[in-house]
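The values are calculated or read from the model by the stated rules, or taken from the named source; none is laboratory data. What you see is a predicted model, and the numbers here were worked out from it, not measured in a lab. Using ideal geometry, Cβ is built from the backbone for each residue, glycine included, and neighbour counts are taken over all protein chains shown. Just so you know, the surface numbers come from the protein's heavy atoms only, side chains and all, with ligands and any DNA or RNA stripped out. Shrake-Rupley method; radii C 1.70, N 1.55, O 1.52, S 1.80 Å.
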Amino acid sequence: MESYLGPTGIAYDVDLFHSDSTRIKINLKAKKQLEFSSGDYEFPEGIEIFFYNDNEELTTTIRADRGYYIRKDGVYRGEGDVQVENLEKQQKLASEELFWNPVTKKIYTEKFVTIQDPQRLIKGTGMEADESFSEYEIKKVIDSRTVIPGEEN
């Protein structure tokens, strides 16, 4: 007999909140969530993660075409068109893959990234940042330039 490797549970319109001292810190949303016997999750129709400050104001968003939670590593992985935006600093990141570790509160990738803020556009490979995308480090900068006022993204 072959073992069943498919999902053991399916949830729709997932809307999870993580709070600290009754304050909302993180909100995870997905149209569809598949749960597996390993404890892994898959979000085949995309995933959105919203981060809030101590005043419960939205500060940062992460969106991906597909998402996964890998239980053994304790990390989330987004793939496809992955977008991160820090609303406070007006910084945007685009990549094809991104990891978020909720324990270390870091986001990272080894893939190509594009980061844009109001003053500059940076392209590179490999990146690590805090989960709010306030501070980041690009491992290998490929191109960096000043953004001209009025220039389209």
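Some points to look at:
- Each of 126, 7, 64 was placed along the dipole of the chain (beta-carbon charges, centred on the mean Cα), and the one lying farthest toward the positive end is 126.
- For the residue pairs 25/92; 25/72; 32/139, the alpha carbons lie more than 32 Å apart in 32/139.
- Computed from the Cβ-Cβ distance with R0 of 22 Å, the FRET efficiency linking residue 111 to residue 40 stands at 0.55.
- Dipole magnitude (debye, nearest 20) for the chain, charges at Cβ of Lys, Arg, Asp, Glu: 260
- Simple spin-label estimate for residue 57 and residue 144 in nanometres, 7 Å along Cα-Cβ: 2.9
- Options (1) 10.9; (2) 8.8; (3) 21.5 - which one matches mean projected area of the Cα convex hull in nm² as calculated here: (1)
- Entry comment: accessible area of the chain is 61 Å² per residue, from protein heavy atoms only and a probe of 1.4 Å.
- Dipole moment magnitude, nearest 20 debye, the range 11-61 about Cα centre, only Lys, Arg, Asp, Glu C-beta charged: 20
- With a simple spin-label model that places each label point 7 Å from the Cα along the Cα-to-Cβ direction, the separation between residue 72 and residue 134 comes to 3.5 nm.
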